[in-house]
Amino acid sequence: MTAQVLEAVPNFSEGRDLAIVKAIVEAMRQSGAELLDWSADPDHNRSVVTVIGTPAQVEAAAVAGAAVALDRIDLRRHSGVHPRIGAIDVLPFVPLAGLSLADAGQSARRVGHRLAAELGLPVYFYGHASNPPGRNLAALRSGGFESLVPHWPAGREPDLLPENWPHPGAHPSAGACVVGARPVLLAWNVWVAGLTLQQARSIVRAIREASGGLRGVRALALELPSRNALQVSMNLEDVENASPSEVFRAVREKVEAEGGDVVKTEVIGMIPDQLLESTSPDELKLENFTADRMLSRRLAQHVAKR
């Protein structure tokens, strides 16, 4: 029987207080899931944790991390350059072995119901967990946390509300959580120099799918105040059919055409094989690359141990 391996990659709205981030990570680790990676960014004010295991282990880890986030993160005091609507902002489940997207969607829906019933969080579903499947994440986060607290925007009421919900809108300190199921994606930041924010935004408009650019590319231009830097921050949502190396070359060409340079790139979370199929870490200026960051390698090790 093929081992069933599920991945969860929750994004938490805290990237400055590492004591809080480490408490979240430790709670998830103690659930029985295997911790693959975690990172925190102070300008995004966001952390990303990656765990894998059986569906039961990963679902338990997600709830455990969410409980710490609800207790320790207050969005009324939160600021950062990355869009967010919740303390545990986005919670995607990804099938890696022996599971389908439908199975991952079922895990997402089970966890969503637990977040609402046990933790008192409003929940939206997206991707392969929504009904019908395919709900867009960006649309749910439009306007941010602040737009959801006074009242729910028309047509954007949550899929799940805790029983006897006393508020007109989102949780006053923790907002709402967007829970979903999706395939493997590449979360990738390209650091650029020699450009204005306006030039970076022009490049983003040219490459992202929503404005007629490259297939499966979601992108933002972000200014990082504490490091006086600019990022083209991307999610590549179709790494099976779109070449990450071609996306990188397109970004680099547009940056250089504007008179700028690519300083480095960084992957958030694990690295899918597709990133390095036709290029190298050196060509990509990929920071902090090690073989242990490769998702397929860690998945094989995990399955072998089980």
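The values are calculated or read from the model by the stated rules, or taken from the named source; none is laboratory data. This structure is a prediction, so every number in the text was calculated from the model and none was measured. FYI the Cβ positions are ideal-geometry reconstructions off the backbone, even for glycines, and counts take in every protein chain you see.
Quick look at the numbers
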{"quantity": "Residue within the range 197-219 that is assigned to a strand (DSSP E or B) and not charged (D, E, K, R) present", "calculated": "yes"}
{"quantity": "Where a residue in the range 148-175 is farther than 18 Å from VAL111 by Cα and its partner, wherever it lies, is acidic (Asp, Glu) and modelled with pLDDT of 95 or more, with Cβ under 8 Å and at least six apart", "calculated": "SER173/ASP74"}
{"quantity": "Filter pass, GLY65 being closer than 23 Å to LEU295 by Cα, of a type in the set (Gly, Ala, Ser), more than 16 Å from the chain's Cα centre (by Cα) and at pLDDT 95 or above", "calculated": "no"}
{"quantity": "Test: residue in the range 166-177 that is assigned by TED's automatic domain parsing to the domain that holds PRO281 and farther than 25 Å from ASN45 by Cα", "calculated": "no"}
{"quantity": "Subset of the range 229-275 (residues that are part of a loop (DSSP other than H, G, I, E, B) and at pLDDT 95 or above)", "calculated": "GLU258, GLY259, GLY260, GLY269, MET270, PRO272"}
{"quantity": "Search result, residues across the range 249-289 that are touching a residue at least 60 places away in the same chain (Cβ under 8 Å) and either polar (S, T, N, Q) or within 25 Å of VAL9 (Cα to Cα) (or both)", "calculated": "LYS264, THR265, GLU266, VAL267, ILE268, GLY269, MET270, ILE271, PRO272, GLN274, LEU275"}
{"quantity": "Qualifying residue in the range 246-266 (condition: surrounded by fewer than 16 Cβ atoms within 10 Å (Cβ to Cβ) and under 19 Å from the mean Cα position of the chain (by Cα))", "calculated": "no"}
{"quantity": "Restricting the range 161-190 to residues that are farther than 28 Å from LEU286 by Cα and among the polar types (S, T, N, Q), the residue that is surrounded by the most Cβ atoms within 10 Å (Cβ to Cβ)", "calculated": "SER173"}
{"quantity": "Unique match (being at pLDDT below 95 and surrounded by fewer than 16 Cβ atoms within 10 Å (Cβ to Cβ)) among ALA210, ALA193", "calculated": "ALA210"}
{"quantity": "Residues satisfying the stated conditions in the range 197-244, i.e. without any contact (Cβ under 8 Å) to a residue 40 or more places away in the chain, in contact with a Lys or Arg (Cβ under 6 Å, 6 or more places away or on another chain) and hydrophobic (A, V, I, L, M, F, W, C)", "calculated": "VAL217, ALA219, ALA221, ALA242"}
{"quantity": "Residue satisfying condition, being hydroxyl-bearing (Ser, Thr, Tyr) and assigned to a helix (DSSP H, G or I), within set SER147, SER142", "calculated": "SER147"}
{"quantity": "Residue within the range 77-89 that is out of contact with any Phe, Trp or Tyr (no Cβ under 9 Å at 6 or more places or on another chain) and in a helix (DSSP H, G or I) present", "calculated": "yes"}
{"quantity": "Filter result for VAL21 (without any contact (Cβ under 8 Å) to a residue 60 or more places away in the chain, crowded, with 18+ Cβ neighbours inside 10 Å, not in a helix (DSSP H, G or I) and not small (Gly, Ala, Ser))", "calculated": "no"}
{"quantity": "Out of TRP188, TRP165, sole residue that is assigned to a loop (DSSP other than H, G, I, E, B) and among the aromatic types (Phe, Trp, Tyr)", "calculated": "TRP165"}
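Results for (1) aromatic (Phe, Trp, Tyr); (2) within 23 Å of ASN288 (Cβ to Cβ); (3) buried (at least 20 other Cβ atoms within 10 Å of the Cβ), shown as yes or no for each residue.
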{"site": "ALA8", "(1), (2), (3)": "no, yes, yes"}
{"site": "ASN11", "(1), (2), (3)": "no, yes, yes"}
{"site": "VAL25", "(1), (2), (3)": "no, yes, yes"}
{"site": "PRO42", "(1), (2), (3)": "no, yes, no"}
{"site": "SER47", "(1), (2), (3)": "no, yes, yes"}
{"site": "ASP71", "(1), (2), (3)": "no, no, no"}
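Each row is one residue, and each column tells you yes or no for (1) among the acidic types (Asp, Glu); (2) crowded, with 18+ Cβ neighbours inside 10 Å.
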{"site": "VAL111", "(1), (2)": "no, yes"}
{"site": "GLU118", "(1), (2)": "yes, no"}
{"site": "HIS128", "(1), (2)": "no, yes"}
{"site": "PRO133", "(1), (2)": "no, no"}
{"site": "SER147", "(1), (2)": "no, no"}
{"site": "GLY155", "(1), (2)": "no, no"}
{"site": "ASP159", "(1), (2)": "yes, yes"}
